[in-house]
1. Decide, for region 184-343, between rounded, prolate and oblate: order the square roots of the alpha carbon gyration tensor eigenvalues as a ≥ b ≥ c, take rounded if a/c falls under 1.5, and otherwise choose prolate if a/b is larger than b/c, else oblate.
2. Leaving ligands, DNA and RNA out of it, report the carbon-plus-sulfur percent of the accessible area of region 90-213 at a 1.4 Å probe.
3. In the full protein assembly as shown, how much of Trp450 is accessible to a 1.4 Å probe, in Å² to the nearest 10?
4. I'd like to compare 263-269, 88-94, 351-357, 134-140: which one has the highest average count of other Cβ atoms within 10 Å, and what's the full order after that?
5. Averaged per residue, what accessible area in Å² does region 269-350 show with a 1.4 Å probe, protein chains only?
6. Between Leu416 and Tyr276, what length comes free when the chain is fully extended (0.36 nm per residue of separation minus the Cα-Cα distance, one decimal in nm)?
7. Ignoring ligands, DNA and RNA, what percent of the accessible area of region 269-329 is carbon or sulfur (1.4 Å)?
8. How much area per residue is accessible in region 76-208 when the probe is 1.4 Å and only protein heavy atoms are counted (Å²)?
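The values are calculated or read from the model by the stated rules, or taken from the named source; none is laboratory data. Predicted, not measured: the structure shown is a model, and the values here were computed from it. Every residue, glycine as well, gets a Cβ built from its backbone with ideal geometry; the counts of neighbours run over all protein chains shown. All accessible areas refer to the heavy atoms of the entire protein, side chains included, with ligands and DNA or RNA removed. Shrake-Rupley method; radii C 1.70, N 1.55, O 1.52, S 1.80 Å.
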Amino acid sequence: MESFGVWDYVVFAGLFVVTCGIGLVFAVKDRKQKFSSREFLAGGRQMTFGPVALSLTTSFMSAVTVVGSPSDVYRFGASFVLFGVAYAVVMVTTAEVFLPVFYRSGITSVYEYLELRFCRAVRLAATLIYMIQTILYTGIVVYAPALALNQVTGFSIWGSIAATGIVCTFYCTVGGLKAVVWSDVFQMLVMVLGFVAVLAQGSSTVGGLQAVWGAACNGSRLAVFDFDPSPLRRHTFWTLCVGGTFTYLGIYGVNQSVVQRCLSCRTEGHARLALYVNLLGLWLILVCSVLSGLIMYAFYARCDPLTSGRVSAPDQIMPYFVMEILGGFPGLPGLFVAAVFSATLSTVAASINALATVTFEDFVRPCCATLSRNDTNATLSRNDAGATLSRTDASVVISKGLCVLFGAACTAMAVLASYMGALIQAALSIHGMCGGPMLGLFTLGIISPWTNSKGAAGGLLAGIGLTFWTWVGSLLYPPLAHSSRPLALSTAGCQPHFNMTHLSTATDTMTDANTTARPLLADTWYCMSYLHLSTLGFTATVAMGTLISILTGANKGKDVNPLLLRPAGGLSCFKSACRDDDKPAVERPEVDTERQQGTDKMATTASPTSSGHNNNNREDGCYINAAFNTQTH
């Protein structure tokens, strides 16, 4: 096996130098302007769609994708490509249902919406769930590149984790959201170049794309469309398209990391366009991942490195393959490792920034009355009021301190990732367990005017409880081979020779022995596809929230501000002429300390007339649709 050379280290080190440099550039630039906490955490709401779109793609196509997705295709086939259908549905739903409500309410933390719509207790509960979810997920994406670097260079895994955490925390702390977004743009370029190097040399090594296609066909890797309706099957058309849609909608539709960057755009039109351009990026990375997995299979069709013992875990196959085909080219192994780390740095930095934002907006600011609510106005008046400037500086210092705190927490959490099994499944399971109920909660608030705060709280608890119980059960009793159905791998061409028939017989015997000791739920409920966790949490939250709302007295239309709704009956209004996509976000009202007072102010901004429409503001009138008017009357 080839090892890292001088040029590999140069390429790899260049990633960290450029990334830290971007953070320093924005730190120096914004220091001259004495920026506020809103500018630090939300980019001053002056970003354009281009960098935001690339940032969105890079952040959630993390090292889990670069390392874990090709391995998944290698073992289970190219059905992974069906995630592309889920991505399309997710982007349209996010851009046309969730984004307009969040953007026009002027919020900074997405969980502020829950206080406006329901109550402060629901907001804080959702914030805590998001923080736990994000720290767990970030731990996985920090561990993934550390594993890759250990595989190809022998570097210490824990040393790599520490280096990743330090770099991410540094440029996120000194540069804020702008540094995170522009670093993502550079990291996206590195990520694509790494994939291109693997695809070009890999396909050339195995004899071209035609040879890759032939090997994939012979190995049943191209059986994409499996319409088995069983929810117990790991990957079918339904689990990937339906379960994948709910899983990624929990990520893109209501996740602070994504919403925060959409809200940083200068207009709603830019934010919507960023989501659609991001879809093209997601498709590009998905195709690269699937092709990489198929090329790996063609290369190892007769000698599987996992079965033969050359690697110890499925997620090590990709870096092992890279060193086999690129080890003789100075700098290219370093480029691949830089691509893996690029994906990680972007995800971790986005998570740190989002965690700092929700903590500051949801916990710190309401508890510190001396902090000005509108940092932008405070900054503009700093020459007239020294005390105002002091408050603004204090808010920025607190925000940066939170970035350091969460950078350390996410780095420490990476230690636990080594016990969570396959990276891609563990990551999506965490998103499903927490993201599904959160998606259900926001859907109740935006789509269902009749849902009250008791229904929202009860639905969230029901969804989280059900998905957590199912997830823990799946960890204690992992699904058997008849559910996951890994495809056959051969060691016929390996030296020394392994007899796959004997290996399969031994495995089947062991599986049968373990099956007799498994409880009934282990092979039914706990065996559910990890992609259906989000669907399960969403369904439980919506069903229980609706039921509780009906039993405790559903809201009337007059009880809910129309700006907080996007009722299903009014979706046709999305394409009407009354929508002004280029209007900037309105300033968010005062709601942190007096929710009712804030609601009254919003009502003043866009209160409907007796006929159900605000004739003086046609954009606001667009939101007061038939579904809401029915509730009003």
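1. oblate
2. Using a 1.4 Å probe with all protein chains present, region 90-213 comes out at 75 percent carbon and sulfur.
3. Surface open to solvent at Trp450 totals about 90 Å².
4. Highest-to-lowest ranking by the protection proxy: 351-357, 134-140, 263-269, 88-94.
5. Per residue, region 269-350 has 26 Å² of solvent-accessible surface.
6. Residue separation times 0.36 nm, minus the Cα-Cα distance, leaves 46.9 nm.
7. Within region 269-329, the accessible surface is 67 percent carbon and sulfur.
8. Accessible area per residue, region 76-208: 24 Å².
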